[in-house]
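Input: a single structure, listed below in structure tokens.
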Amino acid sequence: MAATLAESARPLPAAVGLGSGPAELAIVVPPFNESANVGELVARLARVLDGHARAVVFVDDDSPDGTSSPLAQAVATVATMVFNFAVNNGLTYRDRRLRGARWWLGLASFMAVCSVGAVANVGSASYLFEHVTGWAVAGVAGILIGAVWNYAVTGAYTWGGRRSRAS
């Protein structure tokens, strides 16, 4: 029976933003009352599964502690980082476009730098909202802090410094 199952096994379809081909592995995570831990779980899964096509599905079991909120934020942040990297690599830094293995290394460095920007964004916006101003001003301030950090640092770190000017 095992041989029959192995022979009939088909690759799983890739989940959006998690790979460019069939998934090698599918993981289903049913978190319940794990809002404080789900961000760390996403980060650990990303490290462990780095370089492997995968599909990770989090099943919302209607946790009363709002587990789905930080999970949604983490997924949205990762998806945004991948999209922004692709756009920057294709348009903003087209003269230094990364390809092949360098594309994956660039994505890793971009995500590392942007993780700091995301923490600065959320931290500053949260502080401003709780202690200083309304949500709109706090949100815009957080976005600006994160965007400036991300642009300045990824330009130097991910794509290697200043652009060369044509003579």
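Observations, loosely collected:
- Selection from segment 62-74 of residues that are modelled with pLDDT of 75 or more and surrounded by 15 or more Cβ atoms within 10 Å (Cβ to Cβ): Ser63
- Cβ pairs under 8 Å, 6+ apart, first in segment 150-163 and closer than 19 Å to Val122 by Cβ and surrounded by 12 or more Cβ atoms within 10 Å (Cβ to Cβ), second modelled with pLDDT of 85 or more and aromatic (Phe, Trp, Tyr): Thr154/Phe110
- Some residue of segment 71-82 being within 23 Å of Leu45 (Cα to Cα), free of Cβ contacts under 8 Å to residues at least 40 places away in the same chain and in contact with a Cys (Cβ under 8 Å, 6 or more places away or on another chain): yes
- Note on segment 27-61: residues that are at pLDDT 75 or above and surrounded by fewer than 14 Cβ atoms within 10 Å (Cβ to Cβ) total 14.
- Condition check for Phe110: touching a Cys at 6+ places or on another chain (Cβ under 9 Å) and assigned to a helix (DSSP H, G or I): no
- Those residues of segment 104-155 which are out of contact with any helix residue (DSSP H, G or I) (no Cβ under 8 Å at 6 or more places or on another chain), of a type in the set (Val, Ile, Thr) and within 18 Å of Phe83 (Cα to Cα), in sequence order: Val148
- Counted residues, segment 97-108 - those being surrounded by fewer than 17 Cβ atoms within 10 Å (Cβ to Cβ), out of contact with any Gly (no Cβ under 9 Å at 6 or more places or on another chain) and touching a residue at least 24 places away in the same chain (Cβ under 8 Å): 1
- Just one residue in the set Ala86, Ala125, Ala118 is assigned to a helix (DSSP H, G or I) and surrounded by fewer than 19 Cβ atoms within 10 Å (Cβ to Cβ); that residue is Ala86.
- Odd one out for Pro11, checked against (1) more than 23 Å from Ser109 (Cβ to Cβ); (2) loosely packed, with under 14 Cβ neighbours inside 10 Å; (3) at pLDDT 75 or above; (4) not aliphatic (A, V, I, L, M): (3)
The values are calculated or read from the model by the stated rules, or taken from the named source; none is laboratory data. Note that the structure is a prediction, hence the values are computed from the model and not measured. Ideal geometry is used to build each Cβ from the backbone, glycine not excepted, and the neighbour counts take in all protein chains shown.
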